[in-house]
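The values are calculated or read from the model by the stated rules, or taken from the named source; none is laboratory data. These numbers were taken from a predicted model, which means no experiment stands behind them. Note: ideal-geometry Cβ built from the backbone for every residue, glycine included; neighbour counts use all protein chains shown. Calculation scope for accessible area: heavy atoms of the full protein, side chains included, ligands and nucleic acids excluded. Shrake-Rupley method; radii C 1.70, N 1.55, O 1.52, S 1.80 Å.
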Amino acid sequence: MPTETPSSRYSPVDTRVEERVATTAVPKVKDAAADNEDGYITKMKHFLTTATLANSSKTKPSKNCNYSCTLLFILGFVLSLFLTIFIWFTDLYTNELYKRLTIQNGSLLYDSWKEPPVRPLMCVYVFNYTNVNEYMNGMHEKLKVQEVGPYCYRETLYRVNITDHKNGSQTFNEMKVQEYAYDVSNGTDNDMITVPDIPYISAIALTIDENFIIRNAMTSFLNHVSNFPFVTVSVYDFCFGYQDGVIRTLAAMAKLANKPIPFEKFGLLIKRIGVNPDRLTVINGLDNLNQMGQVIQLNGKSMLHPWSTDECNSVGGSDGMFFPRLKVQQGETIQLFHKDSCRKLPMTFRSKEKIKNGVIGHRYSLAIDSFNNSVPENSCYCTSKPCMPDGIFDMGKCSTRSPVVVSRAHFLHSDPSLLDAVEGLNPDPKKHEFLWLIDPILGITMETQMRIQLNIQVRNPHGYGSLSKIPDNTILPFTWLEIKTGDVSPKLSMLLFHLTFTVHWLQTFLMCLSLVGLLGTSFCLMRMLNRRLSNNIVIISNEIQLKDRHTEKIPIC
């Protein structure tokens, strides 16, 4: 009977179990190493997958957002750059604005230019001669005058028969309507005054260059009609026309000589009634804004011929409503065209003045030497020898060879000898200065105090008639005119306010806005570019590191 070994007798597990254990032990060690390697690979795959998904989930919306934002910032940068150049470095903004303020048909100022809303006040101050009988009889040595008035008229201006030209100019006639202003006048236009007989003195002056027979015949006719160089008329007749024996005689003699009648009746303001036959051509400002309102032709001529030089004969200067705004802003000398004198009047800058709504105006006055023939630039206006004394302008060559001469009121800034001819003149700059107030932004007239005196020069070298009792070349004042405008219209005042302040503030705001926009968009674009560049560098470096780790951890078989 076989014997049992202890191992076989007492072991609860047979050899098959040990073999199974032995056989499974080696595979367990092998599976652990494999599990470690497979786990690392799995983690690497999971990390890469997670990183890729996270990166893709984050970068896709970010790229779309960055693209849109970049496009918007680029557009903002371009607009800001364009606005900055437009506002800071060009005059396009100002020019486009002021093109709406020209005097061409359809502009904002055209209606105001065609029918100015402001009615100027034209006041007539008359020198009433109080001792003519005593002087003519030799009882008094000097003529005495007494200033009477003012006799004021409200004047309404219309520009009619307007012709628009393709070269940026307009031609028109002026029509004026007067209405007596009782509220600001001192007296009525029915007052009687004694003044020099302008037609009689003018007729004697016209015979100077004629031969002896014609002079005698002319003097005989005139002495038959009137033998007194002064006339007493009403203020209304003196201003708007009267007819006497001298005027009728001159008309008859003109017809016999087959010459045009000089005037059917004489009146100080007769040319200001109704439509003036003179046609003015001015620049409308469309092509040259700075020259808006400048006169370039009178009756179709750019060159007149009464004076000795082309410079003095050339038509130019302002029509009185607009002046070159750049010259006004810089305080340069400007010129006013006075068509009745066929010349330009220079005006010089005096000061700046604050007026309504805080608008600043530039005050100009007539140049002190405007009527001084001793000044070289005025020598062209000396048409007879000897020249007129300083302060006197002879406008006879411009009209009908009349001996009417122009000066400042009360001979202000004139040769002192002019004050010796008559008694009663008292020049005062505060009362008699020629002043103009101009808006420097638009160059438009805001206020005027145009004061001009009219005088007649006695020209009787041959001593004919009763006029011989007055010394030859004596200058007799008979009136001075003041054309003034007060406050500008409310519409124009508001326009000047907006041009002075609102437009300036708006332009300043746009300048600041354009600069801030340019700097802001430039800064944002630079930040976005730097951020994108940094993100790209980070992504590239991460990918490089991942590749390096994968290469190090995975054993090469």
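For the range 179-191, give me each residue that is touching a residue at least 24 places away in the same chain (Cβ under 8 Å) and either crowded, with 17+ Cβ neighbours inside 10 Å or outside any strand (DSSP E or B) (or both). Please lay out each step first, then the result.
Here is the first cut: in the range 179-191, the ones touching a residue at least 24 places away in the same chain (Cβ under 8 Å) are 179-181, 184-191.
Answer for the range 179-191, where residues must be touching a residue at least 24 places away in the same chain (Cβ under 8 Å) and either crowded, with 17+ Cβ neighbours inside 10 Å or outside any strand (DSSP E or B) (or both): Ala181, Val184, Ser185, Asn186, Gly187, Thr188, Asp189, Asn190, Asp191.
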Do any residues in the range 405-419 that are without any contact (Cβ under 8 Å) to a residue 40 or more places away in the chain and among the acidic types (Asp, Glu) have Cβ atoms under 8 Å from those of residues that are outside any helix (DSSP H, G or I) and surrounded by 22 or more Cβ atoms within 10 Å (Cβ to Cβ), where the two are at least six apart or on different chains, and which pairs are they? Asp415/Gly391; Asp415/Ile392
Filtered residues of the range 407-425 (kept if under 21 Å from Ser370 (Cβ atoms) and either open to solvent by 50 Å² or more (accessible area, probe 1.4 Å) or in a strand (DSSP E or B) (or both)): Ser407, His413, Asp415, Pro416, Ser417, Leu419
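Could you say whether any residue in the range 356-373 is at pLDDT below 90, surrounded by 18 or more Cβ atoms within 10 Å (Cβ to Cβ) and within 21 Å of Lys397 (Cβ to Cβ)?
Kept after step one, since they are at pLDDT below 90, are these residues of the range 356-373: 356-361, 373.
Still in the list and also surrounded by 18 or more Cβ atoms within 10 Å (Cβ to Cβ): 359, 361, 373.
Adding the requirement that they be within 21 Å of Lys397 (Cβ to Cβ) leaves 373.
Checked the range 356-373: at least one residue is at pLDDT below 90, surrounded by 18 or more Cβ atoms within 10 Å (Cβ to Cβ) and within 21 Å of Lys397 (Cβ to Cβ).
Okay, residues lined up against (1) on the phi > 0 side of the Ramachandran plot; (2) surrounded by fewer than 21 Cβ atoms within 10 Å (Cβ to Cβ); (3) in contact with a helix residue (DSSP H, G or I) (Cβ under 6 Å, 6 or more places away or on another chain):
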{"site": "Ile213", "(1), (2), (3)": "no, yes, no"}
{"site": "Ser220", "(1), (2), (3)": "no, yes, no"}
{"site": "His224", "(1), (2), (3)": "no, yes, no"}
{"site": "Val233", "(1), (2), (3)": "no, yes, no"}
{"site": "Tyr236", "(1), (2), (3)": "no, yes, no"}
{"site": "Cys239", "(1), (2), (3)": "no, no, no"}
{"site": "Val246", "(1), (2), (3)": "no, no, yes"}
It is to be established whether one or more residues within the range 297-312 are assigned to a strand (DSSP E or B) and buried (at least 19 other Cβ atoms within 10 Å of the Cβ). no
Enumerate the pairs (first residue in the range 131-142 and farther than 16 Å from Pro196 by Cβ and in a helix (DSSP H, G or I); second residue anywhere and aromatic (Phe, Trp, Tyr) and open to solvent by less than 60 Å² (accessible area, probe 1.4 Å)) with beta-carbon separation below 6 Å, excluding pairs fewer than 6 apart on the same chain, so at least 6 apart or on different chains. none
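For the condition in a loop (DSSP other than H, G, I, E, B) and β-branched (Val, Ile, Thr), what is the one hit in Thr348, Thr383? Can you show your working first?
Values: Thr348 fails: in a loop (DSSP other than H, G, I, E, B).
Thr383 is the lone residue from the list that is in a loop (DSSP other than H, G, I, E, B) and β-branched (Val, Ile, Thr).
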